[in-house]
Amino acid sequence: METEMKSVDNLVDNEETYEHAVDILKSGGLVAFPTETVYGLGAIATDEQAVKKIFEAKGRPADNPLIVHIGNQSEVGKYAAEVPEVAERLMKAFWPGPLTLVMEMKPGVIANTVTAGMHTLAIRMPDHPVALALLQKLQLPVAAPSANRSGKPSPTEAEHVYHDLFGKIPLILDGGATGIGVESTVLDVTVTPPVILRPGGISKEQLEELIGTVQLAAKPEDQATTPRAPGMKYTHYAPEAPLFVIEPDAAKLESALKSIHQQGKRVAIIGPDELHTTNADWYFSTGAMHNHEAMAANLYKAIRQCDATEADMILAIETDLSGIGAAVMNRLDKASNGKRFS
Ligand code: TXA
Ligand code: MG
């Protein structure tokens with residue numbers, strides 16, 4: 001299959017491109033598109049055969065359910081059996097935006113493959129002009145995971161999608177780099193208090209300011225039963241070389257570099273501007289220290305840049321857990337499989 005990449009990130013008339021995208025989706029095909037978090041790989045969520053193609057293209061395990069994207073808040077009632085009062089408040093405050101709500105699903109509407117047989121549905125309204133234009137023209141719900149091959153970091157640029165899914169999908173809408181850079185927060189509102197299944201673009205602090213206490217889901221290995229966010233059990237975002245998290249301390253970094261080089265290994269570093277060191281074989285900056293937003297925006301690209309090097313290992317300099325820092329460190333925990341350099 002030929003993969004077309006069409007820019008919609010400009011002021012020219014994109015009508016034809018959107019029509020093309022709508023045609024592909026309506027005839028059961030896949031289209032990758034930008035959202036404010038990461039690029040998504042979309043299929044019409046009521047079309048079982050189309051949704052199956054997403055799992056094939058990504059190499060995604062079938063027991064990991066997808067998020068349904070809608071273009072208007074009012075559509076929620078078509079797919080959710082019950083919209084709790086707390087969900088209404090959250091949608092009003094954070095939609096369109098990087099918050100996915102897990103609710104009881106109305107049976108018989110969304111394709112079974114989307115929810116991997118669960119009775120709940122994850123749903124969000126993205127805050128990106130391209131995603132919204134597409135959804136509003138389509139007037140149908142779109143199931144869309146991140147548009148990467150399973151196990152790769154989520155794509156924050158159309159080029160990343162092309163790299164991973166070239167030849168497997170017909171169309172990528174190129175809307176430039178995504179803004180937030182980590183995925184949406186997944187919040188289960190079927191329970192009280194609500195539970196964060198995946199930290200993301202909306203922070204725990206932001207949620208709690210609006211609705212009071214929310215809980216963080218236990219790590220999969222600490223859960224007695226099946227994890228509620230099935231995706232949590234997979235090691236996501238695993239780079240090619242082993243990745244270790246390290247403290248933001250220049251002296252510790254230099255001594256780590258020295259000992260790694262003594263073993264004859266080459267190392268790539270992901271870290272803030274301030275800790276840049278010429279002793280690293282590669283250094284990919286994620287912006288100013290303590291700027292969590294910049295780190296979120298640049299992290300996945302930096303991991304992909306590390307993958308493109310000959311590094312034998314990667315050191316990622318940690319940040320604190322406030323705000324979107326929690327989502328950033330959650331992704332680094334996964335990428336490192338819990339490994340720290342000490
Ligand atoms: O920002 C995002 O959320 C991006 C963009 C494209 O919207 N999408 C994304 O989708 O990250 P994906 O498939 O990579 O991650 C969806 C997450 C997975 O961890 C999955 O297990 C969880 O949402 N999920 C989906 N449906 C669920 C459900 N019914 N109950 C619990 N977790 C669910
Ligand atoms: Mg994903």
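The values are calculated or read from the model by the stated rules, or taken from the named source; none is laboratory data. Since we're looking at a predicted model, the values are computed, not measured. Using ideal geometry, Cβ is built from the backbone for each residue, glycine included, and neighbour counts are taken over all protein chains shown. These accessible areas exclude ligands, DNA and RNA; they are computed on the full protein's heavy atoms, side chains included. Shrake-Rupley method; radii C 1.70, N 1.55, O 1.52, S 1.80 Å.
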Förster radius 45 Å - calculated FRET efficiency between residue 63 and residue 265, Cβ distance, rounded to 0.05: 0.75
Distance in nm between pseudo-label sites at residue 119 and residue 81 (7 Å out along the Cβ direction from Cα): 0.5
Selected from 250, 116, 241 as most flexible by GNM, with the chain as the system and alpha-carbon contacts under 10 Å: 250
Heavy-atom accessible surface of the chain: percent carbon and sulfur, 1.4 Å: 50
Selected from 128, 290, 69 as most flexible by GNM, with the chain as the system and alpha-carbon contacts under 10 Å: 290
Length gained when the stretch residue 258-residue 16 is fully extended (0.36 nm per residue, less Cα-Cα span): 81.5 nm
Gain on full stretching of the segment that runs from residue 5 to residue 26 - 0.36 nm per residue minus C-alpha separation: 5.7 nm
Full-extension gain in nm, residue 163 to residue 247, via 0.36 nm per residue minus C-alpha separation: 27.1 nm
Choice from 106, 26, 92 with maximal GNM fluctuation in the chain (Cα, 10 Å cutoff): 92
Three principal axis lengths of region 243-336 [C-alpha, angstrom, descending]: 38, 26, 19
Over the chain, relative contact order from alpha-carbon pairs under 8 Å, at least 6 apart, %: 19
Mean residue ellipticity (222 nm) of the chain, computed from DSSP H runs ≥ 4 via -39,500 (n - 2.57), nearest 500: -9000 deg cm²/dmol
Label-point separation in nm, residue 106 to residue 333, each point 7 Å along Cα→Cβ: 3.6
Inter-centroid distance (Cα atoms) of region 9-78 relative to region 296-342, Å: 28
³J(HN,Hα) computed for each position of region 69-77 - Karplus, 6.51 cos²θ - 1.76 cosθ + 1.60, integer Hz, glycine/proline x: 9, 10, x, 9, 4, 5, 6, 3, x
Spin-label pair residue 205/residue 279, simplified geometry with 7 Å Cα→Cβ offset, distance in nm: 3.3
Distance cut-off 27 Å, percentage of C-alpha pairs in the chain lying past it: 45
Entries in 53/204; 265/301; 258/334; 78/334; 78/301; 53/265 that, when Cα-Cα distance is taken, lie over 32 Å: 53/204; 78/334; 78/301; 53/265
